[in-house]
Amino acid sequence: MSLLGRDYSSELNSLDDGSKLLSESSSSTTSENVHPAEEAGLSMLQTLIHLLKSNIGTGLLGLPLAIKNAGLLVGPVSMLAIGVLTVHCMVILLNCAHHLSQKLQKTFVNYGEATMYSLESCPNTWLKTHSVWGRYTVSFLLIITQLGFCSVYFMFMADNLQQMVEEAHVTSNTCQPRKNLVLTPILDIRFYMVTILPFLVLLVFIQNLKVLSVFSTLANITTLGSMALIFEYIIQGIPYPRDLPLMANWKTFLLFFGTAIFTFEGVGMVLPLKNQMKYPQQFSFVLYLGMSLVISLYICLGTLGYMKFGSDTQASITLNLPNCWLYQSVKLMYSIGIFFTYALQFHVPAEIIIPFAISQVSENWTLFVDLSVRTGLVCLTCVSAILIPRLDLVISLVGSVSSSALALIIPPLLEIITFYSEDMSCVTIAKDIMISILGLLGCIFGTYQALYDLTKPINPSVANSTGVYA
């Protein structure tokens, strides 16, 4: 078993002429692939590691600015509310998938299949007829979301590499509060992206679960180390926040919403992780434990970071750290963590696209097409990163557009469609409708605000959220 690799032959046999043009992600293996999960699956600890790593990415470093965009009081409360709603929607998704898999006597039902099968069972004739588009929609959103994450990762790693290399001559051994630097880049940021590209291509070729688990553990260790250094600095001498607004204006709050949703990056991993567990019935405990840790980390880092730096809070907290070798190591460790997380986020779009691609060729070409598609997708994220002018706004845009749909809009509607014929209470229906409306409003207005800010003239000194160049 593997998160990134599997036996494609059995899945390809299950593709019918119209309803499975897009194959499911690695979670959607057939019964002979999924079990013997009892014999060779993820342990609770391994699952927790994957869950944590898939939710702790670049968005975490932008949380102090997100809290600034919402306000010192409204920000943490809203972050907690969004976190609770997101976890609740994850549980809804798990329940719907479990219900449909039992109803249809299938070993496993993934996100796209759950949407399609729910629409097939609803009383509306038009929805039944077009149920396959539910699957296509989810697959498309998953591809956009996960490739968006990967593009952000690309820019983050390249930008941090550029800083570490080109700030080396002004980096000191004494850790004093950072002063604004005005440096002329020696090499274009695109050079650093191209430098990283071949290493990421080799990384996504890995199709062994044990190797991936080791990399994921290494990513958690480096991320934990960098977080420890960040917290060690921000908790020192926090000024009294009497001058910080408790509530920001509504325009910046919309950017907060997109960033907050973006940080919960693991919605696409929930069903695959449960499917890969040795004992899937233990996943609920892992989910609640892991997401409780994630939400607590988000709130603490965002709030303390904003209280520490106040109105000077930058789009990435690394910009506010002292320009000394100790805190430069934060960028290095976090970049290493993001490097290995790239493979975890990459596997969802890859495993949707690759099965369809290799179904179009003979068996002799399967490996070549597999590796070619993986390489092409990594290059696509690289090109996208080159075209992105503002990392902080792109994080908000990706969160508002696709993450909100997958995390907040679709799961409640899926629950209504799946369980409506089984005497759902009016309270549950009203709750689901309210969550979906909230997600839709956040999607519309958050997308508008991010696009509006992206169309403004770019100040070179803030072109990238972690950049210090002018």
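The values are calculated or read from the model by the stated rules, or taken from the named source; none is laboratory data. Quick caveat: nothing in here was measured; it's all calculated off a predicted structure. Cβ placement follows ideal geometry from the backbone for every residue including glycine, while neighbour counts extend to all protein chains displayed. Ligands, DNA and RNA are stripped out before the accessible areas are found, and what is left, the full protein with its side chains, is counted by its heavy atoms. Shrake-Rupley method; radii C 1.70, N 1.55, O 1.52, S 1.80 Å.
Just reorder Tyr342, Tyr452 by solvent-accessible area, largest first, 1.4 Å probe, all chains present.
Ranked from most to least accessible, the order is Tyr452, Tyr342.
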(message) Past the 28 angstrom mark, what percentage of all C-alpha to C-alpha distances in region 36-177 do you count?
(response) 45
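Going down the list Lys106/Lys431; Lys251/Lys456; Lys53/Lys103; Lys128/Lys274, which pairs span over 21 Å between their C-alpha atoms?
Working: Lys106/Lys431 29 Å; Lys251/Lys456 15 Å; Lys53/Lys103 33 Å; Lys128/Lys274 28 Å.
Over 21 Å Cα-Cα: Lys106/Lys431; Lys53/Lys103; Lys128/Lys274.
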(message) Which of the three applies to region 206-248, rounded, prolate or oblate, going by the alpha-carbon gyration tensor with a ≥ b ≥ c and a/c under 1.5 meaning rounded?
(response) oblate
(request) Return the ratio Rg/(2.2 N^0.38 Å) for region 268-312, where Rg is computed over Cα atoms only. (result) 1.69
(message) Please compute the modelled spin-label separation between Lys103 and Asp423, points set 7 Å along Cα→Cβ, answer in nm with one decimal.
(response) 1.7
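What does the charge count around Phe419 come to, taking other residues whose C-beta lies under 13 Å from its C-beta (Lys +1, Arg +1, Asp -1, Glu -1)?
Summing Lys and Arg as +1 and Asp and Glu as -1 gives -2.
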(request) Can you give me the three principal axis dimensions of region 333-389 from its C-alpha atoms, in Å, biggest first? (result) 42, 24, 16
(message) Can you give me the accessible area per residue for region 292-351, using a 1.4 Å probe, in Å²?
(response) 25
(request) Measure off 7 Å from each Cα along the Cα-to-Cβ vector at Cys324 and Leu45, then give the distance between these two points in nanometres to one decimal. (result) 3.5
(request) Sticking with the crude label model, points 7 Å out along Cα→Cβ, report the distance from Thr171 to Ala357 in nm, one decimal please. (result) 3.6
(request) Could you state how much accessible area Trp365 has, in square angstrom rounded to the nearest 10, with a 1.4 Å probe and all protein chains kept in place? (result) 140
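Evaluate E = 1/(1 + (r/R0)^6) for Phe191 and Thr137, where r is the Cβ-Cβ distance and R0 equals 30 Å; express this FRET efficiency to the nearest 0.05.
Efficiency for this residue pair is about 0.20.
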(request) Return an integer: the convex hull volume of the alpha-carbon atoms of region 185-343, in Å³ per residue. (result) 164
